[in-house]
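The values are calculated or read from the model by the stated rules, or taken from the named source; none is laboratory data. None of these values were measured; they are calculated from a predicted model. Cβ atoms come from the backbone with ideal geometry, glycine included; neighbour counts cover every protein chain shown. Calculation scope for accessible area: heavy atoms of the full protein, side chains included, ligands and nucleic acids excluded. Shrake-Rupley method; radii C 1.70, N 1.55, O 1.52, S 1.80 Å.
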Amino acid sequence: MNMRMRRLLIVLACLAALGPFFAISTSRAPAGPVAPTTGTETAVFAGGCFWGMEAVFESLRGVTNVVSGFSGGSALTAHYEIVSTGVTGHAESVQVTFDPKRISYDQLLDVYFTVAHDPTELNRQGPDDGTQYRSAIFYATPEQRHEAEAFIVKLTLAKTFAAPIVTQVVPLQAFYPAEAYHQHFAREHPDYPYIVYNDAPKLVELKRRFPQLIARN
């Protein structure tokens, strides 16, 4: 039995021991996807630590809400400490609610692939290693699937990256919001070392590449 599986079994044993108390204090309902308000749509992306992904997408005009969370696994294991074992099937993800009249899904894909993360890194991103940091698009509709797959083909034919794109395009089963302290982390803690070294440069690159997409306060 490898170390990651041991860690998962230990955490699950602790959950069982805590029983009803744990269920009351940490339970969360799936949001896959959260019903958007009239005129908006949702998209779910994974690509490394959700702090940076969230910071990038919530900077865009037409994006009305971004939530950090988990996709790819079950409700039972949708908790940060368990997902961090790397054996739950979850990926750290963001759910993006957007107004398609102001920003298109295709534009979100452009930002996702060229700024928000490196789509050529397999099961890792920057300093973070593990399947929970994989590159993945969780599509909610056939249209999203078609656009995502077509975008990957376009980038591949254009030889945008020196290495192959490893992004998974998979159906969205459910999205589970992460714990409250993870939400809007980069915005609330801009001087946190991880944010300074790993995520702040993404925001600089976003402004350089897509000045027309930046939200105006």
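Table: residues versus (1) under 12 Å from Trp51 (Cα atoms); (2) outside any helix (DSSP H, G or I); (3) open to solvent by less than 70 Å² (accessible area, probe 1.4 Å).
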site	(1), (2), (3)
Glu143	no, no, no
Phe151	no, no, yes
Val166	no, yes, yes
Val170	no, yes, yes
Asn198	yes, no, yes
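A quick yes/no check of all residues on (1) over 16 Å from Val56 (Cα atoms); (2) in contact with a helix residue (DSSP H, G or I) (Cβ under 9 Å, 6 or more places away or on another chain):
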| position | (1), (2) |
| --- | --- |
| Thr120 | yes, no |
| Gln144 | yes, yes |
| Ile152 | yes, yes |
| Leu157 | yes, no |
| Ala186 | no, yes |
| Phe210 | no, yes |
Flag if Phe151 is of a type in the set (A, V, I, L, M, F, W, C) and touching a residue at least 60 places away in the same chain (Cβ under 8 Å): no
Residues within the range 79-103 that are of a type in the set (Lys, Arg) and in contact (Cβ under 8 Å) with a residue 60 or more places away in the chain, tallied: 1
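Here's the yes/no breakdown for (1) within 16 Å of the chain's Cα centre (by Cα); (2) modelled with pLDDT of 95 or more; (3) open to solvent by 50 Å² or more (accessible area, probe 1.4 Å):
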| site | (1), (2), (3) |
| --- | --- |
| Gly69 | yes, yes, no |
| Thr97 | yes, yes, no |
| Asp118 | yes, yes, yes |
| Gly126 | yes, no, no |
| Gln132 | yes, yes, no |
Being open to solvent by 80 Å² or more (accessible area, probe 1.4 Å), part of a loop (DSSP other than H, G, I, E, B) and within 29 Å of Ala200 (Cα to Cα) is the filter here, so list the residues in the range 172-190 that pass it. His189
